[in-house]
């Protein structure tokens, strides 16, 4: 078992830097989480010894029991080289250094960082950090030094998140929890002194539970950028890699150097490399959510860029058309014959007031059965590659079962389908009807279109490499 595997699936842990007098000290927060929330045998370490939370405090890692898989270190940076030496003597396979005061503060810190890298390498210790908040694996592991009541924790799922920023990572966890989007793991790599984003891409690329990898990157060390995209090239045929890159502006570049000591690099070169190797680059956090959510559903691919849109509101169809055009998605017009075929399956009383151009506007008179029947005709057309369903459940004919009913129609066709449902609690049944049947739902029209764009970008790359 590799160091990363033991880090993410520890059986025993230790925390170095636990206070016997201050229960709010970062090390104490981490200890309580590991010991009492994760239920892991966890050994607190403090040179003074004593007791904490009813547990014996060991004076050094050397005095702690054997068989420890992971040590979390939260002490002033000057003490850390000696502590890692002790971890090496103890044959500890993995450590997380949450402490700052290294490469991000300038030359003195960079020298100290180089020293701890050398020590970790000498003892074959897998090290995450320094200057990070650590790792969160649902139901298994939480080394964040933030109190549990202040940070939302998503359920177990299929998204792996790697971030150079701890704050950005915490915000994503809040958003993912709010949207009920599950994660497989979340990793704050900080300065990524030894283990970097490339190592985690390789690791999660082999994890069968991970369907999509998301990375927030501020910059790369020399040659690291090439290693990253080459690693992604090996992973992308199996699962998508989504990247949000910070530090593109001049001000962002300066902030990057003081934040994690990374080199931001040329944004144009980075974007070109991402595209060449099949990495999907999000331009903002809205696209991050759209791409990660849609790929967590393992959606069907698109043969082209042609989208059929069904709505019960003409205005929403106009917005969807504009968004689709922005992303290069095409809404082909339906032939007269196909328009008539759709009209014929509508309820006779109002089939003449519906519009069967693309987008299709069934109007506020439509019922569930109309949505189902028209969707079935549209998905059967060979010049439609995917469908966007805009659900406005305000009308009397649309029931709370529309999500499940429409989703069941889509199972008859090998085409990707995405839906939009207003983000309101009263429509939760509709949303669940879609998502429990494999249809991802955006909470805005823009997000739903972004989901389709992510699928289109990935589908096009896989065709280019001969892996449809």
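The values are calculated or read from the model by the stated rules, or taken from the named source; none is laboratory data. Small disclaimer: the values here were computed from a predicted structure and weren't measured. We place every Cβ from the backbone using ideal geometry, glycine too, and count neighbours over all the protein chains shown.
A few remarks follow.
- Of the helices (runs of 4 or more DSSP H) contained entirely in segment 228-346, those carrying at least 1 residues that are modelled with pLDDT of 95 or more and over 29 Å from residue 368 (Cβ atoms) fall at 267-276, 285-296, 314-326.
- Checking 137, 159, 170 one by one, the residue that is crowded, with 21+ Cβ neighbours inside 10 Å and modelled with pLDDT of 95 or more is 159 and no other.
- Scan of segment 347-361 for residues that are in a loop (DSSP other than H, G, I, E, B) and touching a strand residue (DSSP E or B) at 6+ places or on another chain (Cβ under 7 Å), ordered by number: 354, 358, 359
- Within segment 319-329, being surrounded by 14 or more Cβ atoms within 10 Å (Cβ to Cβ) and either more than 22 Å from residue 381 (Cβ to Cβ) or not assigned by TED's automatic domain parsing to the domain that holds residue 459 (or both) holds for one residue alone: 319.
- Number of positions in segment 43-99 that are within 34 Å of the chain's Cα centre (by Cα) and within 19 Å of residue 9 (Cβ to Cβ): 14
- When we screen 144, 176 for residues that are assigned by TED's automatic domain parsing to the domain that holds residue 219, crowded, with 24+ Cβ neighbours inside 10 Å, in contact (Cβ under 8 Å) with a residue 12 or more places away in the chain and in contact with a helix residue (DSSP H, G or I) (Cβ under 9 Å, 6 or more places away or on another chain), the only hit is 176.
- Only residues that are touching a residue at least 40 places away in the same chain (Cβ under 8 Å) and outside any helix (DSSP H, G or I) were counted across segment 27-57, and they come to 2.
- Close Cβ contacts (under 9 Å, 6 or more residues apart or on different chains) running from residues in segment 345-371 that are without any contact (Cβ under 8 Å) to a residue 12 or more places away in the chain to residues that are surrounded by fewer than 17 Cβ atoms within 10 Å (Cβ to Cβ) and in a loop (DSSP other than H, G, I, E, B) comprise 351/345.
- For segment 65-87, the set of residues classified as under 20 Å from residue 143 (Cβ atoms) and not in a loop (DSSP other than H, G, I, E, B) consists of 70, 71, 72, 73, 77, 79, 80, 83, 84, 86, 87, listed by residue number.
- Candidate set from segment 392-428 (those that are at pLDDT below 95 and within 26 Å of the chain's Cα centre (by Cα)); member that is surrounded by the fewest Cβ atoms within 10 Å (Cβ to Cβ): 425
- Lone qualifier among 362, 375, 388, 379 - being under 17 Å from residue 447 (Cβ atoms), outside the structural domain of residue 183 (by TED's automatic domain parsing) and buried (at least 17 other Cβ atoms within 10 Å of the Cβ): 388
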